[in-house]
Amino acid sequence: MIDQKKAVIHLIVFYLLVPSLALADWKTDINQYLKEERWVEAQILLENSLSSLAEPDRQEALAILPYIYHRLGQTEKEKQAIVNYFEQYNLAEPLFEFLDFSVFNPLLEFWGRWEKDYPLLTNVNFLVPASAEPRTIPEMLRLGFDLSADAYYKIQVEGQPLIGGWWSKGSHLIQLPLPFSYEEPFMIKLDVFLKTKLVTVKKRILIDFNVRHRNLGQPELVVQRQNTPPLKDIEGEVALYIGDSLIYKSSKYLQKKIPVKITIPPPNPPGTKPYLVPQKDQYPMRAVSILDAVSAIVKTVKDWRKKPPETTPAIYNRQAELNFTFVNPEQQAVRTEVEVRLKAEKPEVLPY
């Protein structure tokens, strides 16, 4: 009986130690392969082990993989593996504590080059002036972000080149005019090309406009009478008959004072004076196609090329989304609600 209990205890201890033993074998094997420069065996081991590794071991494996591709001369795989790592772990550095110094030093030098030259674009948000009223139409779209390395850049909207130049490491913003039309939901594709000495990537940012129209009912009259009919005093009446048929009747009343309720019209859109008829070409009164709206954005941004790039001021707040509403003075029964969101896609590695 005692022997059976000991056997059970030994079995439990064995199963508890199996993951640690497997992990130790993985690290021991990869360390030995790297020391002996057996790059193909190291590549096969890592690629087959990734699906079964848990954090933080998976992070270290993903960090070693581009180094192996580099030593094998597989440049495209190296760049893609670098993108995969940085997009998942940002600038978090792997430890590599299990590696010998003969392997650790060249691997650390390899990662030092990439950390310096990989153009990681993070913290993409809308920048909104701190003084802006909530849910009001912004005068333009401002996209703020952080860049981890100096890089040449080029910006495209819906495939149309807008502007390019040089960005230093740090915070930056992109300014775009708002579209003119909000008849239905739409999306704008903003592509940011970033080039350093080691890699060129294209980062796509999707600007999603979710548009909803709410019917507020028929607009009230400027002067509304009460529900009860007013009292009237008849002063005189003229009627014209042909036989028994009434052809014409006219009455004159002395009408008493009628209580009234004045309905104040809604505020006009920005740029118009209160209670004046808005200009016909002012947004959002003008309905144009989405293509025309994008073309207007392209033209406006091209006109800004001569202006110096604006730095990120401290008076802006970062917001993950924008929300604003407006009522078209020409269609006061309809209120339009617009929700604007950002979605940054995984960068695409370019061959130049």
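Some observations on this one:
- Those helices (runs of 4 or more DSSP H) lying entirely in region 34-132 with at least 1 residues farther than 25 Å from Glu348 by Cα: 39-49, 57-71, 101-117
- A single member of Ser102, Ser171, Ser181, Ser148 is more than 21 Å from the chain's Cα centre (by Cα) and in contact (Cβ under 8 Å) with a residue 24 or more places away in the chain, and it is Ser102.
- Residue that is farthest from Thr75 (Cα to Cα), among those in region 107-123 that are open to solvent by less than 30 Å² (accessible area, probe 1.4 Å) and touching a Phe, Trp or Tyr at 6+ places or on another chain (Cβ under 7 Å): Leu121
- Filter result (in contact with a helix residue (DSSP H, G or I) (Cβ under 7 Å, 6 or more places away or on another chain) and modelled with pLDDT of 90 or more) within region 76-97: Lys77, Glu78, Ala81, Ile82, Asn84, Tyr85, Tyr89
- Residues in region 32-61 that are touching a residue at least 24 places away in the same chain (Cβ under 8 Å), closer than 15 Å to Leu99 by Cα, crowded, with 19+ Cβ neighbours inside 10 Å and not small (Gly, Ala, Ser): Leu34, Glu60.
- Of all residues in region 194-217, those satisfying the criterion of being over 24 Å from Ile174 (Cβ atoms) and either crowded, with 17+ Cβ neighbours inside 10 Å or not aliphatic (A, V, I, L, M) (or both) are Arg212, His213, Arg214, Asn215, Gly217.
- Every condition in (1) touching a residue at least 24 places away in the same chain (Cβ under 8 Å); (2) more than 30 Å from Gln59 (Cα to Cα) holds for Phe110 except the one numbered (2).
- Look at (1) touching a Ser or Thr at 6+ places or on another chain (Cβ under 8 Å); (2) open to solvent by 30 Å² or more (accessible area, probe 1.4 Å) and you find that Phe104 fails only one, number (1).
- Strands (runs of 3 or more DSSP E) contained in region 151-205 and holding at least 1 residues closer than 26 Å to Pro66 by Cα, touching a helix residue (DSSP H, G or I) at 6+ places or on another chain (Cβ under 9 Å) and modelled with pLDDT of 95 or more: 151-157
- Checked against the criterion of being in contact (Cβ under 8 Å) with a residue 40 or more places away in the chain and within 18 Å of the chain's Cα centre (by Cα), the candidates Leu127, Leu198 yield just one match: Leu127.
The values are calculated or read from the model by the stated rules, or taken from the named source; none is laboratory data. Computed from a prediction, not measured in an experiment: that's the story for all the values here. Heads up, the Cβs are rebuilt from the backbone with ideal geometry, glycines too, and the neighbour counts pull from every protein chain shown. The area values use the complete protein model at the heavy-atom level, side chains included, leaving out ligands, DNA and RNA. Shrake-Rupley method; radii C 1.70, N 1.55, O 1.52, S 1.80 Å.
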